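Heads up: the structure comes next, in structure tokens.
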Amino acid sequence: MDLLQLLSWACIVFTLGMFSTGLVDLKKMQTSKSTDNIQFLPFLTTCVNNLGWLCYGMLKKDHTLIVVNLIGALLQALYIIVYLKYTKQKREVLLQIVPVGVVATSAGLYFMLFLPRGDMQLNQLGLVCSVATVSVYLSPLADLVDIVRSGNVQRLSFPLTVATFFTSTSWFFYGFQLDDNYIMLPNLPGIFTSVIRFYLFWRYAAVSPSYKSMQI
């Protein structure tokens, strides 16, 4: 097995492991018949992000991207369906789904129908997917600032932090091996924010005796 194949398997295993952390929320919703303390937007944005990278992988004929993001999109769709089943705020949730769905569908039609096939199509889609991935990785920064101020790490999930770190690192080196900046560079913020979280655990977990893992 060469290095690229090894990195490919690492990307698949670590990324699916990160996506599967949502199964904890899924079980919680099914057990409690409620969506209390569970955020919906991360499911939606991750699903759209997966669909974008799935299209990129199909255009590039990259089986690693295709496998990871197809399974990821299906998992996120499952989380969304279960959330819709148990939430008491169905109208508010649908008001988030509809505009995001319209934008994602419009973008997909633009990339597939109006751009000439080839490097331009691949580069523009790669750029959009990269920006979306960076925004996903940087979105918890405000929460990290609050944790620094409060010194309370109860809102952080250590397993998710570990999964994010290894996922971002494996994709970074996978993109490096392929010489694909659209895969490589967006994962730097994931590594960066994971290192910050590790520091926060080291700095504050010892003074939080009641600490329990909770996903951001």
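Conditions (1) among the acidic types (Asp, Glu); (2) in a helix (DSSP H, G or I); (3) at pLDDT 95 or above, marked per residue:
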residue: Leu70; (1), (2), (3): no, yes, yes
residue: Val82; (1), (2), (3): no, yes, no
residue: Lys85; (1), (2), (3): no, yes, no
residue: Lys88; (1), (2), (3): no, no, no
residue: Arg91; (1), (2), (3): no, yes, no
residue: Leu94; (1), (2), (3): no, yes, no
residue: Val98; (1), (2), (3): no, yes, no
Problem set entry | Those residues of the range 179-190 which are closer than 21 Å to Asp62 by Cβ and touching a Phe, Trp or Tyr at 6+ places or on another chain (Cβ under 9 Å), in sequence order | Asp180, Tyr182, Ile183, Met184, Leu185, Pro186, Asn187, Leu188, Gly190
For this session: Hey, can you tell me all the residues within the range 66-89 that are open to solvent by less than 20 Å² (accessible area, probe 1.4 Å) and either touching an Asp or Glu at 6+ places or on another chain (Cβ under 8 Å) or free of Cβ contacts under 8 Å to residues at least 24 places away in the same chain (or both)?
Result: Asn69, Tyr79
Seminar exercise, completed: Within the range 44-65, residues being over 16 Å from Thr15 (Cβ atoms) and open to solvent by less than 40 Å² (accessible area, probe 1.4 Å) number 1
Exercise. For the range 108-142, what are the residues that are at pLDDT 85 or above, more than 24 Å from Phe19 (Cα to Cα) and open to solvent by less than 40 Å² (accessible area, probe 1.4 Å)?
Worked result: Gln121, Leu122
Exercise. Which residues, taken from the range 12-31, are assigned to a helix (DSSP H, G or I), closer than 22 Å to Gly190 by Cα and of a type in the set (Ser, Thr, Tyr)?
Worked result: Thr15
For this session: Determine whether the range 21-34 contains at least one residue that is under 28 Å from Ile183 (Cα atoms), touching a Pro at 6+ places or on another chain (Cβ under 7 Å) and among the polar types (S, T, N, Q).
Result: yes
Exercise. Can you name the condition, by its number, that Arg117 falls short on among (1) part of a helix (DSSP H, G or I); (2) farther than 21 Å from Pro159 by Cβ?
Worked result: (1)
Exercise. Counting only residues that are at pLDDT 80 or above and not in a helix (DSSP H, G or I), how many does the range 143-181 have?
Worked result: 2
Exercise. Just to be sure, is Leu115 of a type in the set (A, V, I, L, M, F, W, C), free of Cβ contacts under 8 Å to residues at least 40 places away in the same chain and on the phi < 0 side of the Ramachandran plot?
Worked result: yes
Problem set entry | Residue within the range 32-42 that is more than 24 Å from Gly190 (Cβ to Cβ), in contact (Cβ under 8 Å) with a residue 40 or more places away in the chain, in a helix (DSSP H, G or I) and not small (Gly, Ala, Ser) present | no
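The values are calculated or read from the model by the stated rules, or taken from the named source; none is laboratory data. This one's a predicted model, so the numbers in the text were calculated from it and none came from an experiment. In this analysis, Cβ positions are derived from the backbone assuming ideal geometry, glycine residues included, and neighbour counts consider all displayed protein chains. Only protein heavy atoms, including side chains, enter the accessible area calculation; ligands, DNA and RNA are left aside. Shrake-Rupley method; radii C 1.70, N 1.55, O 1.52, S 1.80 Å.
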